[in-house]
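For reference, the structure discussed in these notes is given below.
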Amino acid sequence: MSRRRIAALALALAATACLALAGALARKGVPAGLIHARAAGPALVLPPAERVFPAPGAPLRLSVLGTSLSARNAWPRELAARLDACRPGGTALRVTARPGAGSRWGLGAAPEAAAPMMASPITADRNSADDGAAPPDVLLVEFAINDASLARLDGVAASTARMAAILDLAQAAGVGEVWLLTMSPAWGRERLERPGLDAYLDAHAALFRARGAGVLDTVPAWRALSPAIRAAEVPDGLHPTDAATRLVLVPALAEALAGRPCDASRATPPE
């Protein structure tokens, strides 16, 4: 086969791939104008319209609802430890997360994540009506990374509608503050599987802002990492190491919740 024919075949394959991608995005309801690279920079913090974070000295009940980015990483425990070091009163933690989960699963799991929890860290994951049990003070939610996968049939509108239902459920359950976490983006093959990820993040963030909930967008901070650090700390292009979330996510989230920087040197590392 001549070079000219090889080049023509390569162009045809590229055009076919582009058309297939455009079709897939259209079926998922991803507007072309929203497929963009978020600029590298510091994390963006948009606090809830009304802060009801417990005062220092009062126990903090912290609940996390999400994907493998929350289930398999140490960041929820490290966040709780950092908040403990930042404010007296203690932090109770519940993590309701599953690898591969999307907002469809999240909506079904939301009642567990928003259920009353004890103030003691030892019994925080036990749903209880005993004295001392109360709805979470803070619920952190993240599902865009899996909803955006082309392997799923979750379009932007359906995904956002389920996130709205999660918000409804949390607020009806008496959760104090609900925050959207954008988490880390994807690179390489994982990014190719999620070409419309930013559209999901934008839609989820717009929903949370319109409803007076909080948003912590760390995507710019992740994109500010050097290629060498990113390759070492997000080796599969999707799941950051514990060290990476300790560097990027935990400090920004602790400061966003507490309203001031929290000294990592005083935090007790999780077991």
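The values are calculated or read from the model by the stated rules, or taken from the named source; none is laboratory data. Just so we're clear, the structure is a prediction, and the values are computed from it rather than from any experiment. A quick note on method: Cβ atoms are made from the backbone with ideal geometry, for glycine too, and the neighbour counts reach across all protein chains shown. We work out accessible area using only protein heavy atoms, side chains counted, and drop any ligands, DNA or RNA first. Shrake-Rupley method; radii C 1.70, N 1.55, O 1.52, S 1.80 Å.
Fully extending the segment from residue 45 to residue 68, taken as 0.36 nm per residue of separation minus the present Cα-Cα distance, adds 6.0 nm. Amide H contacts of residue 94 (H built 1.01 Å from N, in plane; Pro and chain starts excluded): 62, 63, 64 sit under 5 Å, all sequence-distant by 5 or more or on other chains. Accessible area per residue (1.4 Å probe, heavy atoms of protein chains only) ranks 239, 204 as 239, 204, with the largest value leading. Accessible area per residue (1.4 Å probe, heavy atoms of protein chains only) ranks 62, 93 as 93, 62, with the largest value leading. Each residue, residue 55 and residue 158, gets one label point 7 Å from its Cα in the Cβ direction; the gap between the two is 4.7 nm.
Work through the residues other than residue 58 whose Cβ is under 11 Å from its Cβ and net out their charges, Lys, Arg +1 and Asp, Glu -1. Charge balance in the 11 Å sphere: +1.
Subtracting the Cα-Cα distance of residue 243 and residue 150 from their residue separation scaled by 0.36 nm leaves 30.6 nm. 3J(HN,Hα) along region 242-253: 4, 5, 5, 5, 5, 7, 9, 7, 4, x, 5, 6 Hz, from the Karplus curve 6.51 cos²θ - 1.76 cosθ + 1.60 with θ = phi - 60°, whole Hz, x for Gly and Pro. Between residue 215 and 46, 180, the built amide H atoms are under 5 Å apart, and every one of these is 5 or more places off in sequence or on another chain.
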